[in-house]
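Okay, handing you the structure first.
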Amino acid sequence: MLTDNALEILKARYLRRGPDGQVAEDADGLFGRVARAVAAAEGTSQPAWEARFYAAMRALEFLPNSPTLMNAGLPGGQLSACFVLPVPDRLEDIFGALTSTALIHQSGGGTGFNFSSLRPRGDPVGGGQGAASGPVGFIRVFDAATEQIKQGGRRRGANMGILNADHPDIMEFIRAKHPDGNLHNFNLSVGVSDRFMTALENEEAWELVNPRNKKAAGRLPAREVWEALCGEAWHGGDPGLLFLDAVNRGNPVPGLGRLEATNPCGELPLLPFESCNLGSVNLARMLKEEAPGKAVFDWPKLRDCVQTGIRFLDDVITVNHYLLPEVEAITRGNRKVGLGVMGWGQALLRLGLPYASEEAVALAGQVMALVREASYAASESLAAERGTFPNWPRSVYAPARPMRNASCNSIAPTGSISILAGTSYSIEPLYALAYRRVGILGGRVQLETDPVAREVLGQLGYWNAQTEAAIRETGSLASLKNLPGSLRELFATAHEIPWPYHLKHQQAFQQHTDNAVAKTINLPGHTAQKEVSGLFLQAWKMGLKGVTVYRDGSRADQVLQHCKGAASCQL
């Protein structure tokens with residue numbers, strides 16, 4: 001059931017090892033270990049829920065985030081993937097945050113920070129005896145520390161660094177990865193407000209504010225800031241945009257403060273010290289055959305899997321080991337979980353729906369609406385059984401809707417767990433029908449071919465030597481002009497899909513997701529910089545909480561790479 005690539009990653013990162021460092025369990029053992037540890041929260045019902053959790057994972061219908069798979073059932077098992085840490089404007093607090101970051105990374109978690117509280121570069125410190133390094137200087141310190149700390153000895157940590165657009169150092173931050181693409185352990189996002197976007201549209205000046213004294217620190221044309229960030233995003237993928245007002249319109253506990261930062265991939269806006277655990281339902285396994293060769297969604301199966309996933313993730317909060325008392329307090333106080341989906345690209349192939357179609361976008365909304373409805377129903381049921389989350393009286397649900405969890409849904413990029421499940425990433429289209437995964441597991445290369453693409457082509461009668469050769473050479477069917485246009489549309493890959501459809505899918509899922517959606521808008525290498533500007537502006541107008549682009553070939557260390565001739569992608 002597990003592919004060779006999945007087994008390779010499983011052995012390198014996930015399977016328990018004995019005192020001699022050798023692998024001491026197989027995949028079944030891992031799923032059993034995780035199910036048993038998480039179901040310990042169920043008390044006398046543990047055996048029944050352990051069996052249900054195990055079955056969902058063993059069938060690759062639901063998988064939790066990597067730290068849960070790695071650490072559940074082990075001593076001091078830290079099971080959450082996502083953390084946000086505050087970075088106050090005091091040297092001891094900055095390095096206190098760095099210490100907390102090291103502990104979280106060592107346990108397998110990722111961290112997000114908003115550095116906007118730090119005084120700008122050159123500002124006085126120490127009673128005027130020195131000058132501040134500024135946010136970018138400290139981001140480099142955090143990046144260097146991350147480079148030295150492998151998560152559980154298996155991979156390096158990941159960070160999200162955010163700076164608000166009104167910080168005096170915003171231009172330095174925007175250009176922090178240019179020209180050599182350094183800060184390898186950070187994703188960067190600019191925090192922008194609706195007020196900034198309005199100033200941009202009106203071609204107005206934009207006021208910068210010193211966070212130390214809240215005084216004006218100069219003005220820049222909003223257009224100048226915008227063009228700089230669009231140019232850098234075009235150049236190498238960073239920074240992305242975090243639309244702070246959209247994020248806070250969805251804040252489930254506004255009584256606890258504003259959301260200012262997210263986890264490393266942007267799908268989870270969290271309060272200071274808050275953590276969250278993630279899991280994903282494999283949509284490619286939520287289908288049934290209505291007639292020979294005709295697949296449809298199995299809605300009852302999807303509902304059941306979602307409810308199992310929500311209960312699993314709530315149990316994780318109960319059995320989790322918390323590294324910091326501040327993290328435990330707010331995480332247990334809000335009990336946020338983030339159940340999302342993966343396998344959307346494969347599901348669409350089996351359904352015969354092109355990603356770049358209004359039918360697929362409409363179905364995306366229908367699928368996520370059911371996921372959210374079933375998630376909320378499960379959380380309400382848990383609230384009746386176990387009580388609401390402690391901060392419920394300060395939430396948007398009080399007093400009418402008892403909920404166990406302040407948030408239920410979040411759509412993660414599902415990088416590693418998609419490989420384990422043998423499915424397509426998150427809500428993305430297929431990157432390619434065949435491609436190379438480079439620089440993982442100590443620099444090894446994995447060759448990946450999509451099994452569903454081959455299966456569907458065979459069912460349609462189009463799997464032959466010519467098709468196989470085209471996929472091996474290019475990872476695509478675009479060069480086969482003799483194929484029906486409808487077939488090439490169905491099998492269109494990420495760079496062949498117009499960016500408006502990438503945004504439409506993100507919006508369709510976001511409308512029914514109470515946290516956020518991590519999605520990369522993949523662009524072909526020849527995309528013009530002005531396209532990035534139009535894309536970013538459209539994302540804001542569509543009400544998205546964040547947006548990230550990546551232009552093919554714009555970084556030397558690109559993980560997913562197209563086939564470059566027959567020898568590079570053998571089927």
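The values are calculated or read from the model by the stated rules, or taken from the named source; none is laboratory data. The model shown is predicted, which means the values in this text are computed figures rather than measured ones. Please note: Cβ atoms are built from the backbone with ideal geometry, for glycine as well, and neighbour counts cover all protein chains shown.
Condition test on Ala518, is it over 22 Å from Pro354 (Cβ atoms), touching a residue at least 40 places away in the same chain (Cβ under 8 Å) and surrounded by fewer than 17 Cβ atoms within 10 Å (Cβ to Cβ)?
no
Scan segment 309-336 and report the pairs whose first residue is under 17 Å from Ser280 (Cα atoms) and whose second residue is assigned to a helix (DSSP H, G or I) and aromatic (Phe, Trp, Tyr), with Cβ atoms within less than 8 Å and a gap of 6+ or a chain change.
What qualifies is Arg311/Trp49; Phe312/Phe53; Asp315/Trp49.
In segment 198-224, what count of residues is obtained for those that are part of a strand (DSSP E or B) and in contact with a His (Cβ under 8 Å, 6 or more places away or on another chain)?
Residues meeting the conditions: 2.
Can you confirm whether Gln538 is under 30 Å from Arg195 (Cβ atoms), at pLDDT 95 or above, surrounded by fewer than 17 Cβ atoms within 10 Å (Cβ to Cβ) and within 19 Å of the chain's Cα centre (by Cα)?
no
Right, next: Have a look at Glu380, Glu358, Glu385 and point out the one that is within 20 Å of Val517 (Cβ to Cβ), modelled with pLDDT of 95 or more and out of contact with any strand residue (DSSP E or B) (no Cβ under 6 Å at 6 or more places or on another chain).
Glu358
So that you can scan it fast, the table gives a plain yes or no per residue for (1) closer than 17 Å to Ser426 by Cβ; (2) surrounded by 16 or more Cβ atoms within 10 Å (Cβ to Cβ); (3) modelled with pLDDT of 95 or more:
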{"site": "Gly293", "(1), (2), (3)": "no, no, no"}
{"site": "Asp298", "(1), (2), (3)": "no, yes, yes"}
{"site": "Leu302", "(1), (2), (3)": "yes, yes, yes"}
{"site": "Gly309", "(1), (2), (3)": "yes, yes, yes"}
{"site": "Val327", "(1), (2), (3)": "no, yes, yes"}
{"site": "Arg335", "(1), (2), (3)": "no, yes, yes"}
{"site": "Gly345", "(1), (2), (3)": "yes, yes, yes"}
{"site": "Gly365", "(1), (2), (3)": "yes, yes, yes"}
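Check whether at least one residue in segment 169-180 is under 27 Å from Gly439 (Cα atoms), out of contact with any strand residue (DSSP E or B) (no Cβ under 7 Å at 6 or more places or on another chain) and at pLDDT 95 or above, and report yes or no.
Within segment 169-180 (the criterion being under 27 Å from Gly439 (Cα atoms), out of contact with any strand residue (DSSP E or B) (no Cβ under 7 Å at 6 or more places or on another chain) and at pLDDT 95 or above), the answer is yes, since at least one residue qualifies.
Considering Leu63, Leu30, Leu69, which residue is assigned to a strand (DSSP E or B), within 24 Å of the chain's Cα centre (by Cα), surrounded by 18 or more Cβ atoms within 10 Å (Cβ to Cβ) and not assigned by TED's automatic domain parsing to the domain that holds Leu163? Outline the logic, then answer.
Details: Leu30 fails: assigned to a strand (DSSP E or B); Leu69 fails: assigned to a strand (DSSP E or B).
None of the other options fit; the residue is Leu63.
Another question about this same structure. Which residue pairs have Cβ atoms closer than 7 Å, lie 6 or more positions apart in sequence or on different chains, and pair a first residue in segment 43-64 that is without any contact (Cβ under 8 Å) to a residue 24 or more places away in the chain with a second residue that is hydrophobic (A, V, I, L, M, F, W, C) and surrounded by 14 or more Cβ atoms within 10 Å (Cβ to Cβ)?
Close Cβ pairs satisfying both conditions: Gln46/Ala39; Gln46/Ala40; Glu50/Ala35; Glu50/Ala39; Tyr54/Phe31; Tyr54/Ala35.
Within segment 375-389, how many residues turn out to be within 16 Å of Gln510 (Cα to Cα) and surrounded by fewer than 24 Cβ atoms within 10 Å (Cβ to Cβ)?
1
Just one of the numbered conditions (1) farther than 20 Å from Leu242 by Cα; (2) out of contact with any strand residue (DSSP E or B) (no Cβ under 7 Å at 6 or more places or on another chain); (3) surrounded by fewer than 24 Cβ atoms within 10 Å (Cβ to Cβ) is not true of Gly122; which one?
(2)
Can you work out which of the residues in segment 1-27 that are part of a helix (DSSP H, G or I) and in contact with a helix residue (DSSP H, G or I) (Cβ under 8 Å, 6 or more places away or on another chain) is farthest from Gln78 (Cα to Cα)?
Just the residues of segment 1-27 that are part of a helix (DSSP H, G or I), to begin with: 4-14, 27.
Next cut, in contact with a helix residue (DSSP H, G or I) (Cβ under 8 Å, 6 or more places away or on another chain) only: 5-7, 9-10, 13-14, 27.
Details: Asn5: 26, Ala6: 23, Leu7: 23, Ile9: 20, Leu10: 18, Arg13: 15, Tyr14: 14, Ala27: 20 Å.
Among them, the one singled out is Asn5.
Does at least one position in segment 397-406 carry a residue that is in a helix (DSSP H, G or I), buried (at least 24 other Cβ atoms within 10 Å of the Cβ) and not assigned by TED's automatic domain parsing to the domain that holds Ala508?
no
Kindly list the number of the only condition in (1) within 26 Å of Pro254 (Cβ to Cβ); (2) part of a helix (DSSP H, G or I); (3) not basic (Lys, Arg) that fails for Gly338.
Unmet for Gly338, out of (1) within 26 Å of Pro254 (Cβ to Cβ); (2) part of a helix (DSSP H, G or I); (3) not basic (Lys, Arg): (2).
Here's a follow-up. Determine the pairs where a residue that is of a type in the set (S, T, N, Q), located within segment 236-254, has a partner that is buried (at least 23 other Cβ atoms within 10 Å of the Cβ) with Cβ atoms under 8 Å apart, the partner being 6 or more residues away or on another chain.
Asn248/Leu259; Asn251/Leu259; Asn251/Pro269
Related question: Hey, does segment 268-287 have a residue that's within 18 Å of the chain's Cα centre (by Cα), among the aliphatic types (A, V, I, L, M), in a loop (DSSP other than H, G, I, E, B) and not assigned by TED's automatic domain parsing to the domain that holds Thr548?
Yes, that holds for at least one residue.
Taking the stated definitions as given, is Gly255 part of a strand (DSSP E or B) and not acidic (Asp, Glu)? Let's see the steps before the verdict.
Values: part of a strand (DSSP E or B): no; not acidic (Asp, Glu): yes.
Criteria not met by Gly255.
Can you confirm whether segment 492-499 contains a residue that is outside any loop (DSSP other than H, G, I, E, B), in contact (Cβ under 8 Å) with a residue 12 or more places away in the chain and surrounded by fewer than 17 Cβ atoms within 10 Å (Cβ to Cβ)? Walk me through how you get there before you give the answer.
Taking segment 492-499 as the starting set, the residues that turn out to be outside any loop (DSSP other than H, G, I, E, B) are 494-496, 499.
Those left that are additionally in contact (Cβ under 8 Å) with a residue 12 or more places away in the chain: 494-496, 499.
Applying the additional criterion that residues be surrounded by fewer than 17 Cβ atoms within 10 Å (Cβ to Cβ) yields none.
No, the conditions are met nowhere in segment 492-499.
Looking at segment 254-277 only, could you name the residues that are surrounded by 24 or more Cβ atoms within 10 Å (Cβ to Cβ), among the hydrophobic types (A, V, I, L, M, F, W, C) and at pLDDT 95 or above?
Within segment 254-277, Leu259, Ala261, Cys265, Leu268, Leu270 meet the criteria.
Okay, next question. Can Met160 be described as buried (at least 20 other Cβ atoms within 10 Å of the Cβ), under 23 Å from Pro269 (Cα atoms), more than 21 Å from the chain's Cα centre (by Cα) and outside the structural domain of Gln510 (by TED's automatic domain parsing)? Full working, then the answer.
Working: buried (at least 20 other Cβ atoms within 10 Å of the Cβ): yes; under 23 Å from Pro269 (Cα atoms): yes; more than 21 Å from the chain's Cα centre (by Cα): no; outside the structural domain of Gln510 (by TED's automatic domain parsing): yes.
It is false that Met160 is buried (at least 20 other Cβ atoms within 10 Å of the Cβ), under 23 Å from Pro269 (Cα atoms), more than 21 Å from the chain's Cα centre (by Cα) and outside the structural domain of Gln510 (by TED's automatic domain parsing).
Condition first: within 30 Å of Asn391 (Cβ to Cβ) and hydrophobic (A, V, I, L, M, F, W, C). Now tell me which residues in segment 210-252 satisfy that.
Leu241, Leu242, Phe243, Leu244, Ala246, Val247
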